[in-house]
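Contents: one structure, followed by commentary.
Every number here is computed from the coordinates shown, using simple stated rules; none is lab data. Worth saying up front: this structure is predicted, and the values here are computed from it rather than measured. Positions of Cβ are backbone-derived with ideal geometry, glycine not excepted, and every protein chain shown enters the neighbour counts.
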Amino acid sequence: MAALHACCFAHPRPWSETEFRELLDSRGVFALTRPQGFLLGRVILDEAELLTLAVAPEARRQGFGAALTTEFAAEAQRLGAATAFLEVASDNAPAQALYQRQGWVEAGRRRNYYAPGIDGLTLRLGL
């Protein structure tokens, strides 16, 4: 996961193998994996958070991200979540388009969250 994450993210920085291991041991965290990518989510009470989604660069635009996010919504709902949230970089247009197609809506903005000039958009999805 850490190696693929490093191929997919530059800011703020990719997560380390240790960080993935610790996160996966955390309460409510689940992983959805495919040979082409993975998604980590977390459910606490009635809220879910899409923590990260990574699809190998050579496998993008083939529906893997959409499949993983659809499965995330179903799994989060199965685990009791009524609402899901995520953060996406304001300069990540492909990810924003994916989430918008699936019904995510902007619920907030964190100025300069990822880097100077790159805001974090908080998106919400009713499950």
Separation in nanometres of the label points that stand 7 Å from Cα toward Cβ, at Asn92 and Thr18
2.4 nm
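Applying 1/(1 + (r/R0)^6) with R0 = 25 Å to the Cβ-Cβ distance of Thr122 and Arg78, what FRET efficiency is obtained, to the nearest 0.05?
Result of the calculation: an efficiency of 0.60.
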Residue-averaged 222 nm ellipticity for the chain, from DSSP H runs of 4+ at -39500 (n - 2.57), nearest 500:
-9000 deg cm²/dmol
What list of ³J(HN,Hα) values in whole Hz, one per residue of the stretch 113-120 in order, does the Karplus curve 6.51 cos²θ - 1.76 cosθ + 1.60 (θ = phi - 60°) give from phi, with Gly and Pro shown as x?
5, 8, 5, x, x, 10, 7, x
Shape verdict for the stretch 16-83, please, from the Cα gyration tensor: rounded (a/c under 1.5), prolate (a/b greater than b/c) or oblate.
oblate
With a ≥ b ≥ c the root eigenvalues of the C-alpha gyration tensor of the stretch 49-123, is it rounded (a/c under 1.5), prolate (a/b larger than b/c) or oblate?
oblate
Would you mind ranking Phe38, Phe30 so that the residue whose beta carbon has the fewest other beta carbons within 10 Å leads the list?
Phe30, Phe38
Net charge, Tyr114 excluded, C-beta distance under 9 Å - Lys, Arg +1, Asp, Glu -1
-2
List the trypsin sites (Lys or Arg not before Pro) within the stretch 47-82 that DSSP assigns to loop and that have no more than 12 neighbouring Cβ atoms inside 10 Å.
Arg61
Determine the shape class of the chain: with a ≥ b ≥ c the square roots of the Cα gyration tensor eigenvalues, call it rounded for a/c under 1.5, and otherwise prolate if a/b is greater than b/c, oblate otherwise.
rounded
Using the 10 angstrom Cβ neighbour count as an exposure proxy, how do His5, His11 rank, fewest first?
His11, His5
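Would you tally the net charge around Arg124, using a Cβ to Cβ cut-off of less than 12 Å, leaving Arg124 out, and scoring K and R as +1, D and E as -1? Intermediate values should be presented prior to the final figure.
Working: positive: none; negative: Glu47, Glu49, Glu87, Glu106.
Neighbourhood net charge equals -4.
So how do Thr18, Thr52, Thr33, Thr69 line up by other beta-carbon neighbours within 10 Å, fewest first? Could the numbers behind the result be given before it?
On the way: Thr18 9, Thr52 19, Thr33 12, Thr69 24.
With the fewest neighbours first, Thr18, Thr52, Thr33, Thr69 line up as Thr18, Thr33, Thr52, Thr69.
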